[in-house]
Amino acid sequence: MIRFSSQASFKHPAALVLVTAEQAGTKKFKSPSAEVSAAVTRVLVQERFEGGKGEMFPVSVNDCLVVLLGLGKEKELTLASLRVLVRRALLSAYFKKIADIELIPHHDSAGVVEALIDAKVIGTYAWKKYITRKKEDKTVEKKTVHIIAALNAGYAAAVTVNEAVNFSRDLINENADVTTAEFLETTARSLIRGKTGITIEVLDRKKLQQKKFGLLLAVNKGSVNEPRVVVVSYNGGKKDDPYIAFVGKGLTFDSGGLNLKPSGSMETMRSDMSGAAAVLGALKAVIALKLRKNVIFAFGAVENAIDANSYKPGDVFVGYAGKSVEIGNTDAEGRLVLADVISYVIDVYKPSRLIDLATLTGACVVGLGHDYAGLMSNNEDLAARVTASAEATDDRAWRLPIYPELKDMIKSKIADIRNISNQKGSAGAMTAAEFLHSFVGKTPWAHLDIAGPSFVDGDSRMYYGHGATGYGVRLCVDLIKKG
Ligand code: BES
Ligand code: MN
Ligand code: ZN
């Protein structure tokens, strides 16, 4: 939990005090508690703590454990590294078994306070549902952090959005056999239950067959689970305001299909529905914030399983758009699912802009790593807006080109188009995007390949712990807010 207070009290069991090198250099510390001021000032005068980046020093004053956290030089400090430092401090052994911490920033500008909110809500999240060991510390996320800052209406919204990020992470981290397509449908329904101005369309197998979602259904052929396409219309804006659409890839598990993934590549593939989870997280936040905008939230949820019924490499399928696709590789399944959902959403809902989020290619992870999503677009204005929201929210994205010659790389001799490139091993993220592009038509469209940033092994991505990051929720909400 996060609370805000205008003044530090040092009456909680612990306090984390952020100190820049410059502040430490003054060798003076002022706080509302004379005892704390004297104790910390003494430490500074004795030069036992200099405010270096990541330096920590504990001072016990009465019943309060005051931990100084060095931020280094103010002008070298970025919000990104502030999040990392504060996250690490909040997780440190100093605060073990302490349920209440005052967090006293070096100054209370909105950017700094929001970074502290990120460090607490996103940074201390951990997926521990299946850990039964008694000594595992499950209290970390339950700690209350009292941020000492003048209240700003934006802070409650930041907490709300970050909670939606964690909601998205739970969906991704949960077992693939739990978060099935039907489970994701139920999740969408429960988010909108009792809310006015929101409608939902769910396509089950029968409707998908009727509407000829031949590509999406091909991918699900080997699965015992039912497929679903879910489209939520959030009608918070004026009747005539245009709709912005978000479409998520919802592969509840990607085994690769008959082009089976090798060991080492399959273990995290329950996260292949991270695009759908981002869309659901954004929906949750938009509802909680009551944004007065018109938005479509959609996803296609299927499983790429291996079975006697699995779709086969070399076969040709026709999708909603009526275009035939040669299956060069059953592991290039996400683009098939998205092709059907994107063409359906454009055809039926006619959004003015469409953004898809998909864990689409390993190539994008090779190229951009885990800190950046790949951004590809047919529209300069939309690409600029997505880039601006990516920067504002720290859901980072980097533009990759799409250009006419890519079309030649996905030509087929036996169908209208092929689902993999003819030039094996090159431009994988861009040819995947070009495949989607061919189903988009003239609608301004941006594609976020989130294969890298959506899920990380270990503590490798900035202020996130192991597993799902909830990438995309903050970016989408910011984009919606800014219209
Ligand atoms: N879901 C994967 C992409 C992926 C890879 C996501 C690593 C997260 C981490 C996607 O369906 C896939 O398998 N793509 C193939 C495409 C190839 C067969 C053209 C890939 O990237 O290897
Ligand atoms: Mn795949
Ligand atoms: Zn996939």
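Post the alpha-carbon centroid distance, segment 48-113 to segment 378-434, in whole angstrom.
Centre-to-centre distance over Cα atoms comes out at 41 Å.
Given segment 363-446, report the % of alpha carbon pairs whose separation exceeds 14 Å.
On the way: 2248 of 3486 pairs.
Percentage above 14 Å: 64.
Based on the Kirkwood radius over alpha-carbon pairs, what is the Stokes-Einstein translational diffusion coefficient of segment 376-423 at 4 °C with 1.567 mPa s viscosity, in µm²/s?
Working: Rh = 12.8 Å.
Rounded to a whole number, D works out at 101 µm²/s.
When ligands, DNA and RNA are left out and all protein chains stay put, how many square angstrom of accessible area per residue does the chain have with a 1.4 Å probe? Let's see the in-between values first.
On the way: 20150 Å² over 483 residues.
Per-residue value: 42 Å².
Sorted from largest down, what three extents in whole angstroms do the Cα atoms of segment 159-482 have along their principal axes?
49, 43, 39
Ile296: net charge of surrounding residues, Cβ under 12 Å, Lys/Arg +1, Asp/Glu -1, itself excluded? Walk me through the intermediate numbers first.
Values: positive: Lys293, Lys350, Arg353; negative: Glu201, Asp356.
Summing Lys and Arg as +1 and Asp and Glu as -1 gives +1.
Check each of the GluC sites (Glu not before Pro) in segment 125-232 and keep only those in coil by DSSP with at most 16 other C-beta atoms within 10 angstrom; list them in order. Mind dumping the intermediate values first?
On the way: sites: Glu136, Glu141, Glu163, Glu174, Glu182, Glu185, Glu201; in loops: Glu136, Glu174.
When the GluC sites (Glu not before Pro) of segment 125-232 are filtered for loop state and at most 16 Cβ neighbours within 10 Å, Glu136 remain.
Compute the acute angle (0 to 90°) between the alpha-carbon long axis of helix 274-289 and the principal axis of greatest extent of the alpha-carbon atoms of the chain; round to the nearest 10°.
60 degrees
Among the aspartates and glutamates, select those whose C-alpha is under 19 Å from the C-alpha of Lys206, and discard any that sit fewer than 8 residues away in the same chain.
Reachable aspartates and glutamates: Glu182, Glu185, Glu226, Glu303, Asp340.
Which distance in nm do the two modelled labels at Ala153 and Val318 give, with both placed 7 Å along the Cα-to-Cβ direction?
Between Ala153 and Val318, the simple spin-label model gives 5.5 nm.
Restricting to Cα pairs below 8 Å that are 6+ residues apart, what does the relative contact order work out to for the chain? Please round to a whole percent.
Answer for the chain is 15 percent.
Dipole magnitude of the chain about its Cα centre, charges +1 at Lys/Arg Cβ and -1 at Asp/Glu Cβ only, in debye to the nearest 20? Write down the numbers at each step before the final one.
Values: 62 positive and 53 negative charges, 180 e Å.
So the magnitude is around 860 debye.
What's the angle, to the nearest 10 degrees (0 to 90), between helix 181-192's Cα axis and the longest principal axis of the chain?
With both axes taken from Cα atoms, the answer is about 60 degrees.
Can you figure out the FRET efficiency of Lys97 with Thr196, using R₀ = 45 Å and their beta-carbon distance, to the nearest 0.05? It would help to have the intermediate numbers written out before the result.
Values: r = 45 Å, r/R0 = 1.00.
Computed FRET efficiency for Lys97 and Thr196: 0.50.
Restricting things to alpha carbons, tell me how big segment 285-414 is in terms of Rg and Dmax, in Å.
Rg then Dmax for segment 285-414, in Å: 17.0, 50.
Evaluate the Debye formula for segment 182-306 with equal point scatterers sitting on the alpha carbons, no solvent, and hand back log10 of I(q)/I(0) at q = 0.11 Å⁻¹, in q order, two decimals.
Each listed q maps to, in turn, -0.41.
Can you send over the carbon and sulfur percentage of the accessible area for the chain, probe radius 1.4 Å, protein chains only? Please report the intermediate quantities before stating the final value.
Details: 10500 of 20150 Å².
Using a 1.4 Å probe with all protein chains present, the chain comes out at 52 percent carbon and sulfur.
Nearest 10 degrees is fine. How inclined is helix 34-45 to the longest principal axis of the chain, computing both from alpha carbons?
On a 0 to 90 degree scale, this one is about 80.
Set the Förster distance to 30 Å, then compute FRET efficiency between Ala38 and Glu141 from the Cβ-Cβ distance, nearest 0.05. Please list the in-between numbers first.
Values: r = 34 Å, r/R0 = 1.14.
It comes out at approximately 0.30.
Can you give the extra length, in nm with one decimal, that the chain gains between Val366 and Leu79 once fully stretched, where that is 0.36 nm per residue apart less the Cα-Cα distance? Write out the running numbers ahead of the final one.
Working: separation 287, 0.36 × 287 = 103.32 nm, distance 2.61 nm.
100.7 nm is the gain from fully extending Val366 to Leu79.
Taking segment 37-87, which GluC sites (Glu not before Pro) meet the DSSP loop condition and have no more than 10 other C-beta atoms within 10 Å? Working shown, then result.
Details: sites: Glu47, Glu50, Glu55, Glu74, Glu76; in loops: Glu47, Glu50, Glu55.
Qualifying residues, ordered by number: Glu47.
Please work out the FRET efficiency for the pair Gln7 and Asp381, using the Cβ-Cβ distance as r and a Förster radius of 45 Å; give the result to the nearest 0.05. Let's see the in-between values first.
Details: r = 45 Å, r/R0 = 1.01.
For R0 = 45 Å, the calculated efficiency reads 0.50.
Go through segment 85-132 and name the trypsin sites (Lys or Arg not before Pro) that are in a DSSP coil and have 13 or fewer other Cβ atoms within 10 Å of their Cβ. List each step's numbers first, then the result.
Numbers: sites: Arg87, Arg88, Lys96, Lys97, Lys120, Lys128, Lys129; in loops: Lys96, Lys97, Lys128, Lys129.
The qualifying sites are Lys96, Lys97, Lys129.
Are any of the pairs Lys143/Lys293; Lys261/Lys312; Lys28/Lys53; Lys30/Lys142; Lys28/Lys97 more than 23 Å apart by Cα-Cα distance, and if so, which? If you can, show how the numbers build up before the last one.
Details: Lys143/Lys293 34 Å; Lys261/Lys312 15 Å; Lys28/Lys53 19 Å; Lys30/Lys142 30 Å; Lys28/Lys97 30 Å.
The pairs that break the limit, which is 23 Å between Cα atoms, are Lys143/Lys293; Lys30/Lys142; Lys28/Lys97.
Quick check on my link table: of Lys212/Lys413; Lys249/Lys284; Lys129/Lys481, which ones sit more than 26 Å apart, alpha carbon to alpha carbon?
Values: Lys212/Lys413 23 Å; Lys249/Lys284 17 Å; Lys129/Lys481 33 Å.
Beyond 26 Å: Lys129/Lys481.
Among DSSP beta bridges whose residues both lie in the chain, state the antiparallel percentage, nearest 5. If you can, show how the numbers build up before the last one.
On the way: 29 of 72 bridges.
For the chain, the DSSP antiparallel bridge percentage is about 40.
Taking the alpha-carbon distance from Lys238 and a cut-off under 20 Å, which aspartates and glutamates remain once sequence neighbours fewer than 8 residues away in the same chain are dropped?
Asp478
In whole Å, largest first, what are the principal axis extents of the Cα atoms in segment 2-151?
That gives 48, 33, 29 Å along the principal axes, largest extent first.
Taking a ≥ b ≥ c as the square roots of the Cα gyration tensor eigenvalues, with a/c under 1.5 meaning rounded and otherwise prolate when a/b beats b/c, else oblate, which class fits segment 392-483?
Oblate.
The values are calculated or read from the model by the stated rules, or taken from the named source; none is laboratory data. These numbers come from a predicted model, not from an experiment. Positions of Cβ are generated from backbone atoms using ideal geometry, with glycine treated the same way; all protein chains shown enter the neighbour counts. Remember, those area values only see protein heavy atoms, side chains included, never the ligands or the DNA or RNA. Shrake-Rupley method; radii C 1.70, N 1.55, O 1.52, S 1.80 Å.
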